[in-house]
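Accompanying notes for the structure given below.
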Protein chains: 2
Amino acid sequence: MAHKPRSEMIAETRAKLIAAARAAFGTVGYADASMDDFTAAAGLTRGALYHHFGDKKGLLQAVIAQIDAEMNERLRIVMQKAPTRWQGFIDESIAYIEMALEPEIQRIVLRDGPAVLGDPTSWPSQNACLRDMTENLRLLAEEGTIVATDPEATAQLIIGATLNASLWIAKAPDPEVTSKKAIQATKALLEGLLVASSSPRIEGGSPNIRGI
Amino acid sequence: MAHKPRSEMIAETRAKLIAAARAAFGTVGYADASMDDFTAAAGLTRGALYHHFGDKKGLLQAVIAQIDAEMNERLRIVMQKAPTRWQGFIDESIAYIEMALEPEIQRIVLRDGPAVLGDPTSWPSQNACLRDMTENLRLLAEEGTIVATDPEATAQLIIGATLNASLWIAKAPDPEVTSKKAIQATKALLEGLLVASSSPRIEGGSPNIRGI
DNA sequence: GGTAGATGCATACGCTGCGTATGTCAATGA
DNA sequence: TCATTGACATACGCAGCGTATGCATCTACC
């Protein structure tokens, strides 16, 4: 068979390295993942890694970028499906909690990432998610659904809250029950932002799209 | 001069190791802190470290325990000074944001700690802080000040929110302005928990004990 | 289409840093 | 005073990272 074009081979190598690293980082963690081991698992050596990503950190960045892109896409879909802006906002927060329950995301993006690469708010991908929520909050305040606060600050608070909720659920002995509690509490907290006149706190909270 | 009693020498050695490690972890971070270097800085060797703390992780645990004890003490004082339970709750959250701005706390407790030792909610010291806030929320709900939600879940959300706010402030180009925004938004979010009848949202929010 | 240059990736080497095994000396207690 | 415990240092081995170098293959230009 004829050889594939070089650019395609390169992309494949990069993808293999990212996939192997993602698996290793997600299971044993960044610090305990041996570059020799997981490059070998991909049928390569550290030479390829250093060539493409500079160092171990560079590879972690690439892995996180990939995962983050997937997360953003999933959140985008959730938002798109929601009937109202407010409902989309609630759904997005809950979806974020659910995603952060996945061990790979927890380990790589939420734990090792910040420790190795520094503050996540300066990552390009993370900024996309934040920007979306900020804009959403701004519009919600503008249309009078929620009280007027600094939208970016509120977005930071909400992201932090949901993130921590995920970690809490993940380590809880009964994740099912804990998850319900967390989601209920999250709704209560978010509904506190509603202006009292337009949308009083509803008994039982807003409906849950996933029945969790 | 006569030698100090042995137990005193031992405590001193432990204290010196913890102090040296704390300085190293707080500046260059856990991963880049060489045990040879900071034990030497304390006038000791790795032998002492392994004898007292087992390994590098054990020393990190000890450092975190020390910092956490200091944090809890500071929070306790803030709570004690507050005129009402609700005000104490607000003040505590703000104090938490302020503390998490300190580089040493951020680096050691908030970033490296979780990455190296795993979920913070399973740390004994962290649990103390959480337990206090949970109890506080339970009482606030009981006395009818805030809406009824699962107090533990809500505490987790609030801690996560404030924690993330700190990280956000720390990396912001203008921490002063950002800090004000974050604190305002935090108050708005927390005041959303108040039951509408007893304590309507007050123009300007609750007073700020530190004038930030 | 043949040759020169560039580039993807492997191999080889040195260095740093952790953990353990062993040694030594001082303090305690009978 | 002597035996024993325990605090701490020293010595060694090993894993893992980063770099320098080498090789083979693809592209570019004439």
Burial order of peptide ranges B:140-152, B:38-50 (average beta-carbon count within 10 Å, highest first): B:140-152, B:38-50
Degrees between helix B:56-81 axis and first principal axis of chain B (Cα, 0 to 90, nearest 10): 40
Inter-chain Cβ neighbour average for residues B:173-185, partner chain, 10 Å: 3
Other copies of A:LYS81: label-to-label distances in nm, shortest first, labels 7 Å along the beta-carbon direction: 4.9
Debye equation applied to the C-alpha atoms of the stretch B:1-54, log10 I(q)/I(0) at 0.15, 0.31 Å⁻¹: -0.42, -1.25
19 Å Cα-Cα reach of B:LYS171 towards aspartates and glutamates, excluding residues that sit fewer than 8 places from it in its own chain: A:ASP112, A:ASP119, A:ASP150, A:GLU152, B:GLU98, B:GLU102, B:GLU104, B:ASP112
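Summing +1 for each Lys or Arg and -1 for each Asp or Glu, what net charge is found among the other residues whose Cβ lies under 10 Å from the Cβ of B:ILE67?
-3
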Nearest-20 debye value, the stretch B:23-141 charge dipole, Cβ charges on Lys, Arg, Asp, Glu: 280
Charge-dipole axis of the stretch B:65-212 as Lys and Arg at +1 and Asp and Glu at -1 on Cβ define it, positive-most pick from B:ALA182, B:SER125, B:LEU101: B:ALA182
At 0.890 mPa s and 25 °C, Stokes D of the stretch A:65-212 from Kirkwood alpha-carbon radius, µm² per second: 155
Nearest-20 debye value, the protein assembly as shown charge dipole, Cβ charges on Lys, Arg, Asp, Glu: 520
Partner chain coverage, peptide B:188-194 - average Cβ within 10 angstrom: 6
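For the cross-link pairs B:LYS81/B:LYS187; B:LYS16/B:LYS180; B:LYS56/B:LYS81, which exceed 29 Å when the distance is taken from alpha carbon to alpha carbon?
With Cα atoms farther than 29 Å apart: B:LYS16/B:LYS180; B:LYS56/B:LYS81.
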Per-residue average of Cβ from other chains inside 10 Å of A:166-172: 5
Gyration tensor verdict on the protein assembly as shown (Cα atoms; rounded if a/c is under 1.5, prolate if a/b is larger than b/c, oblate otherwise): oblate
Axis-nearest residue of B (beta carbon) for the B-onto-A rotation, whole Å: B:GLY192, 1
Calculated label separations, B:ASP32, copies of the chain, 7 Å along the beta-carbon direction, nm: 2.5
Integer Hz, Karplus 6.51/-1.76/1.60 couplings in order for the stretch B:90-101, x for Gly and Pro: 4, 4, 5, 4, 5, 4, 5, 4, 5, 5, 5, 7
Selected from B:PHE25, B:THR13, B:GLY47, residue furthest toward positive end of dipole (the stretch B:1-54; charges at beta carbon): B:THR13
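Laboratory data are not the source of any read-out in this text; all were calculated from the coordinates shown. All of these numbers come straight from a predicted model, not from anything done at the bench. Cβ atoms come from the backbone with ideal geometry, glycine included; neighbour counts cover every protein chain shown.
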